[in-house]
Structure formats: C-alpha cells, structure tokens
Amino acid sequence: MAKGNQQPKQPKFRKDYRASDYLIDQVTMTVDLYESHAEIYSQLHIRTNPAVPAPASSLCLDGEELALKSIAIDGQPLPASRYEQDEDSLTLHDLPAQFLLETVVHIAPQNNTRLEGLYKSGGKFCTQCEAEGFRRITFFLDRPDVLATYDVTVRAEQAKYPHLLSNGNPAGQGELDGGRHFARWLDPFPKPCYLFALVAGDFDLLADQFITTSGRKVDLKIYVDKGKLDQCAHAMASVKNSMRWDEQKYGREYDLDIYQIVAVSDFNMGAMENKGLNIFNTKYVLANRETATDTDYEGVESVIGHEYFHNWTGNRVTCRDWFQLSLKEGLTVFRDQQFSADMGSPTVKRMDDVRVMRTAQFSEDGGPMAHPIRPDSYVEMNNFYTVTVYNKGAEVIRMLHTLLGEQGFRKGMDLYFQRHDGQAVTCDDFVQAHADANAVDLTQFQRWYSQAGTPTVAVSDDFDAEKNEYHLTLKQHCAPTPGQPQKEPFLIPFRIGLLDEQGNELALDWQQGTQRSQSAVLPFAAAEQTFVFRGVSSRPLPSLLRDFSAPVKLEFGYRDEQLAFLLQHDSNLFNRWDASQTLASRVLLQLAADFRASKALTLPTILAEALRAVLRDDAVDNAVRARILQLPDIAYLQEQVEIVDIDALVAAQRFLRRQLAQSLYADLLACQQRHRGAGGTDGAAIGKRALANACLALLIDSDRSEAYALAEQQARDADNMTDRFAAVKALAHSAAPQRLMVLNAFAERFKDQALVMDKWFAVQASAPIASVLDDIRRLETHPAFDARNPNKIRALWLAFSHGNPSEFHRADGSGYQFIAERVARLNDSNPQVAARLVSCFNRWKKFDDQRQRLMLAQLKALLGKSGLSADVFEIVSKSVAA
Ligand code: TRP
Ligand code: ZN
C-alpha cells in the first residue's frame, strides 16, 4: 500500500478557482460487476465550455487506480500519442470542440478498503463518490461544477445481486446470458458526479408511497440487510415526515418518481444524498425499541431529514467548488435542525445542538485545523467535512434567519431556488439572494464566511437610577487563527431579555446612536457598542445570548446567586439550562483550582440546592431537567480554560458527581422512581426516560450498593434499549461489582446485532477506569470486532481517543501510544477514518508540558512514516506546525 517517499500533496486554494475548459453534458455508463473486478464502459459527451474564452486543446481527466482497457474518440480508437496516463489523471491532446469519449476501465471493488468509489460491503456493491470518489470509478472531470445527465446500466449475477440500483428513474431491466441480469436507470436532472450512486446486492425491501402536494405519486424504498425489516419503520416514517415538512416549510416537492435508501454496514460517514438513491450507514436507518435508544431514533430522523433536504439544498442547487461546501452542508444542517425541532421539542433540540458547538466546534476553532466555514485552502477535501463547515455553517444560516425573520428568510430561500435551480453556485450567491430578496446589505455579515475562530463577547452593564436607564456594553474579540492574525468585527445578533427582581420580563425599549427599537435582538456590529435601555426603574438582571443566538463565547460577571436565579426564573427555558451549565462549570473549575492548590474540596450548597429544586419542580420539562442534571463534561470545560490540567478537572468532576449524588440521594431516587418505566415513543415518554436515567447515572456515582442494584435490575428487565443501555452504561462506568456480569449478559443477548454491539464496544472504551487499555486490546480480538469497519473503529478507538479524556491523557502516555499505533495501521487501509482518529492530538498545545511532549512525539513519529496518506499528513503536519 505504502507508496514509498512520495511528495506530500499540494494544497488547493479557493482564489485559484477557474471554470472548466470542458463540460460533460451527458454520461452513458455500463457497469459490469464480477467477483474479481468491475468493468466500466463510459461514454462521455464532451464539449468546450462556452463561458471560457480560449479553452485549451488538451483535457486532463481525473482517474485513480483505473486500469485503462480501451479508449476512443468519436468511435475511433485513440492512438497512444494523443493521450497519457499517470497516477491520478488521463490527459487527452488535440481535441475537437465537441466529441464523444469512450473508455473501458477495470477496477477492483473487492479490494477497496478506503470505502471511496465502488466497494463491497457485506457482500453487496455500493459507492461513495463525495467528495472525490467518482474518479476511482471512471475517468471524469471530478469537480462539482460539471453537471451531466446520466444513463446507467448495471449488470451482475442475478442470484447474488437481485437488486441493481442507480440514480434517477428505472428504465428497464432484463436477463442476460450466464445467469446474469441488468437494470437501466435514467437520471434526467443534471448533476455533479459526486452525486452518482450504484448499488448491487441482495436485500430485504420496505416499500411505501408518498403523494406530493401537487398530486404526484412517489415510490419509497428502503433496502436493508436480510432479516432487518423489523427495524425499518422509523426510517420510513421519517422519510415521509421529511417530504411533507419540506413542502410545508419551504414549498419544495420531490422531483423523481422514486426515492430509495440503501443501508450498508461499511460507511465512512453518516449517509450520502446521491440523487434519488441515498446510501446510509445502517446506524441511521435501523431502529426498533429493543435495539435503539431514543437518541438513536432522533439520529435516524435527523439524518434521513438531512439527506432528503439535500435534494434541494445540494442537488438541485449544488456547489461550484468544494470550498463552498457549507453552501449545502451548513444550510442542510440548519434545515434538519429546524425539522427535528418541529418534530419534537425546539428548546431541547437547541440545547443538544449548542452542546456540539461548545465542545467539538469551539475546540476545532481553537486548534491547528481552525478554518472559516468557507475554507481558503485544503490539502485533502475529506478533512473539511467538519463541525465548522457543518455545524458552525448551520449557526451562520440561523443568524441570517434571526436577522431577516422567518418570512424574510423564506423570501431569500425562494429567490435562491428561483435564481439558481440547476446551477453550481457559491456562498456569495446564497447571501446575495437573501440580501436582494430583503433589500438589505449583508456585507458585514459575510465575514462569518471568511473569518475563522470563535469570537468572545464580553458584556458589562451599568444602571443609572436617576435617569432610569440601563446600559449594556458589548465588546467583541476574536483570537488569531492559522493564517488570520487580525479579525474585523462580526455582525452578531445578540438576543437578550431583562428580568426584574421577581423574574418578570421587562419590556425592551433601547436606543443605540439614532436607532431605537423594541426588538430583543441587539445588532451588535462594532468592536465595542453600548445599548441604552429606557424606563427601567430598578437594576435588572440580564439574560444574555438567549438561545445561543450567535456562535460566540460569552463573558459576563454574574454572581453565583444570579445564575441560580436565572436557572430558576428565566422565562427563556434555553437560558435556564444555560445558567445551570455556567454555574456548574464555575463550580467545577473552582474545584479543579482547589485540587491543584491541594486544598480540601467542598461541595458548594448553591449548586446542590439549585439542582434539588430542579429535581422537585415537576412543572419543568423533563427532557430539560435531564439535560440540567447532565453537568458539563471535560470536553465542555476544556474550552473554558487556557491550559487543561486534566488530572484536576477529572478529580473535580469525580468529586462533584459523588458529592451531589450523596447529598441529593433521596431527591434523585424519588425523581427517578416517579418517572421511570414510561412506555411509548412520544415526547412525554422520551422526556421521562431521559430524566429517570439522568437521575440513575448520578445515583450510581454515590457508589451505594442500593443504586447498583437498581441499575442491575433495569439492565436486565428493561423493555426498551433506552432504559437498558442507560443502566448498562452507568454500571460500566462505575466500580460496581456487577459491572462485568451486566456487560457479559448484554453481549450475549445482542451478539447478532452489529449496531448494538457497537454500543457495547463504545461503552467499554469510554469507561474512565484504569484497565481500559487492556480491555480494548481484548475487545480487538472479539469476534464482533472488525478493524476494517468504520463503525467498529468509531466504537472502540474513537470512543477512547475522543470520549475518554481521563484515560486517553494518562500521564504515562500509554493512551497516546495506543492510538498512534492504530492510526499508522489505519492510514494504509482507510485514510479518511485514520485522519479522524489522529485528530485527537490536535489540541496538544492545551495540555501540560509533559503531555505536550508525549503527544508531539507521537505526531512527529507519524509524520516520519513513509506512505502517509494525504488525509493523515494534512492533519498531522498542521498540528506539528502549530
Ligand atoms: N454529504 C454527506 C452528508 O452531508 C457527507 C458524506 C457522506 C461524506 N459520505 C461522505 C463526505 C464521504 C465525505 C466523504 O450527509
Ligand atoms: Zn450533508
């Protein structure tokens, strides 16, 4: 595999974009699948691009690991003098302005462990072409601004591969000699090749129908591994909900006669929006009460929604180049977030999304891989499918939505679709449509697309009792990020409320300069700005950055009592939760400081009593209470300190959880007993389960045998995976004597359910216990483990590297060593996933000297490895350079 001392791949720059000299309008492909290889016969209708003044007479097509068997132009075999092939391209010379290129290539899907291009998963053929996988199937202009219609015929052995699928509508099928058969598919919508898909295999099929608002009938099909039909109902319901929602919310209907989803068990990411033929990781399709938790159900619904919504935001309107990825991803994440909010609880959905921002995204923004949501350069595009492009991208769309309002945003979206349907466009085009539709200037807002990093907003206030005025002064600052030493001020929609002593909301009447408004969203646009509120008779308590109205860090000198007050009284439910997180973070950081100073640790009563009140107040939404009880984890705290003292943070966390468990024991138990055992799948039942299980997790930290017994019984007798797994997890992360027995029983019961076994692997790999590395080594030899399967890699290795801070960062460096060894191996079989794994070292500079040295040593050793993939090289080299 290793290619010796190759040159590191050169970066590509956004500023270097040029339109293609040639276009490909139409593709006819015949794909013949065999056990030993696949043969791809492609006919490309190519012409020079009329938008390019003087197109070159030669054309460089992308192509990797393709064995060229024949090549012809306009029916004439091409002489060797007219083309040359190298490792990643095929260049044709002396071309006419318009021609038909025919090639036959052979590829080896059965050996494709990268899972990019055409590969085999569980005996089936499937594809993954985004971002640059199509070039591993046939020679092509593999760039998203080359849009073609496709006519695809798939041929394979009938008995082994009864289902032959591709994009678009079915256009015939039949038998061939030698036990083979074929199916033909026509996709009338011009698309970039990254949306191409092909599947061949033997599946169970769940079929249904959807009638669009305009009365068109759409066939819905979900293909899954044999025997999994009892796990498809939720996915199908989610498809129909998504289709209806996009019609109602955005006026967007589905456009083909058939919409298909195929679930495969080997997949690098979550799912892929290929036109009319989405390919999914089984994790985001399969679910029933016995095998999937409520969180898994939400994951299925949101990913099904996400891929479906791409049909308009991504497929009908696509990206001009990969720097524009957030055009489709940020927007589609925003749409799937809105969808999930509408299907369930908007506030709870917001809390979960904000947690991802404050942990994973803030961490990325503060490290060596920091990039704007529209990056300026990349070495390997796969590395830019990030929380920044996706989740911060969605936050940027959300801010636009906040600034324009629901109706203004819809007007902008309508104009965007009207202008750009069928085109490959840029983020600027998107913002321009919104600016034009609303007659506003969004120039400053566009800095969110160009500047990386997380701004900090420092707030101070002042009350003038004589004038009855309250002043809020906001200052913003954004630290330098790689390549961006200086930042200009962002336009920050800053949502607030003011509370009086009883917790009543004050009417807002504010002025800034000449502008006067009653809006609760302050348009904060300068480095420093003061907003003056009139008619305020006593000093109010501000409720700031409500609903996380911008992706920033907030600084305000709340006293602990004020946070406790907000936690109890804020009319904004999101900010009640937020106050709990801020208060608990402070307590944890103070405990960590005390630990470092060898002081005795004590539990602050203010936090304990605030949580006790939450446990007793059944008027508060249960799902919200569950999240308040969750307490900030290490990943959350890590973003609030300069240097992470991991030992101190871990000690603080253990102390706090144990003390809370003991001092709140009776209330936790009572709350757990009041809410446990909820049946049903509705929001109320989900909320009760979440709350009861959050209580259980804390109860376990009391280390009382009574709590262990409670969990043991729940792990055994629960009638759903949410409750069963919550109990298993609580015990697996404890010192309970039942730990191993419960884990073994769980494995015995679910040994044939791959996705459940992933949970079993992950819960052990993330256990904060001293033996975890030995456990993981043993689990690597378990029959259900497979080092070629990304889900298993995530379950065992990423759950440790990214989800087990105390053990990953062991002072002896054994955690680092363990992961680096696996990165080195994975580099050869699956670089894309290897790059994800190695990212656990990105924040090495945030740790103490000793750990810095240990992490850096692993990074440098990896950098010296020959045959390093572009994927891993980019991450490691940027980390080392930091
Ligand atoms: N476009 C996909 C999505 O957002 C992401 C994706 C799936 C992907 N598979 C991939 C990106 C492989 C890069 C490589 O849902
Ligand atoms: Zn997407």
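Every read-out reported here was derived from the displayed coordinates using simple, explicitly stated rules and does not represent laboratory data. What you see is a predicted model; the values in this text were computed from it and never measured. Here Cβ is always computed from backbone atoms with ideal geometry, including for glycine, and neighbour counts include all displayed protein chains.
Given a Förster distance of 41 Å, report the FRET efficiency between H477 and K599 from their Cβ-Cβ distance, rounded to the nearest 0.05. E between H477 and K599, to the nearest 0.05, is 0.80. Averaging Cα coordinates gives a centre for segment 6-43 and one for segment 99-156; these two points are 8 Å apart. Going from the residue with the fewest nearby Cβ atoms within 10 Å to the one with the most, I71, I686, I211 rank I211, I71, I686. Annotation: amide H-H contacts under 5 Å for D321 (H modelled 1.01 Å from N, sequence separation of 5 or more, or interchain): none. P(r) tail for segment 667-713: Cα pairs beyond 18 Å make up 26% of the total.
Using alpha carbon centroids, what distance separates segment 490-529 and segment 158-188, in Å? Taking the Cα centre of each part, segment 490-529 and segment 158-188 sit 61 Å apart. Enclosing the Cα atoms of segment 18-202 in their convex hull gives a volume equal to 116 cubic angstrom per residue. Among V425, V833, a tally of other beta-carbon atoms within 10 Å of each Cβ gives an order, fewest to most, of V425, V833. Net charge dipole, the chain: roughly 1140 debye, given to the nearest 20, about the Cα centre with Cβ charges of +1 for Lys and Arg and -1 for Asp and Glu.
In the chain, a dipole from Cβ-located charges (positive for Lys and Arg, negative for Asp and Glu) runs towards its positive end, and of H809, V532, V459 it is H809 whose Cα lies farthest in that direction. For segment 399-517, dividing the convex hull volume of the Cα atoms by the residue count gives 149 Å³ per residue. For Y34, the residues whose modelled amide H falls within less than 5 Å of its own, excluding neighbours fewer than 5 places apart on the same chain, are E39.
As a rough guide to protection, the peptides 633-646, 364-377 ranked by mean Cβ packing within 10 Å, highest first, stand as 364-377, 633-646.
Coupling constants for segment 10-18 follow from the phi torsions by the Karplus curve (6.51 cos²θ - 1.76 cosθ + 1.60, θ = phi - 60°), and in residue order they are 7, x, 9, 10, 4, 5, 8, 4, 9 Hz; glycine and proline get x. Reported to the nearest whole Å, the Cα centre-to-centre distance from segment 419-471 to segment 320-337 is 18. Legend: ranking of residues H733, H675, H306 from fewest to most surrounding C-beta atoms inside 10 Å; resulting order H733, H675, H306. Along its principal axes, segment 319-450 has C-alpha extents of 38, 37, 27 angstrom, given from the largest down.
How many percent of Cα pairs in segment 456-557 exceed 16 Å? The calculated P(r) of segment 456-557 puts 57 percent of pairs beyond 16 Å. Annotation note: GluC sites (Glu not before Pro) in segment 466-506 located in DSSP loop regions with a Cβ neighbour count of at most 10 within 10 Å are E466.
The Rg/Rh ratio of the chain, with Rg taken over Cα atoms and Rh as the Kirkwood radius over Cα pairs, comes to 0.97. For segment 558-702, the Kirkwood hydrodynamic radius comes to 15.6 Å, computed from all pairs of different C-alpha atoms. Stretching R788 away from E175 to a fully extended chain increases their span by 217.2 nm, per 0.36 nm per residue minus the current alpha-carbon distance. Relative contact order, whole percent, for the chain stands at 9, derived from Cα pairs under 8 Å and 6 or more residues apart. For the chain, the longest principal axis of the Cα atoms and the long axis of helix 683-700 meet at an angle of about 60 degrees. Annotation: amide H of G503 has no partner in the under-5 Å range at sequence separation 5 or more or interchain, hydrogens built in the peptide plane. What the phi angles of segment 635-650 give under the Karplus curve with 6.51, -1.76 and 1.60, with θ = phi - 60°, is a coupling list of 4, 6, 5, 3, 7, 9, 10, 6, 10, 7, 9, 4, 4, 5, 5, 5 Hz, glycine and proline written as x.
Within segment 711-759, the ratio Rg/Rh, alpha carbon atoms throughout and Rh by Kirkwood, equals 0.93.
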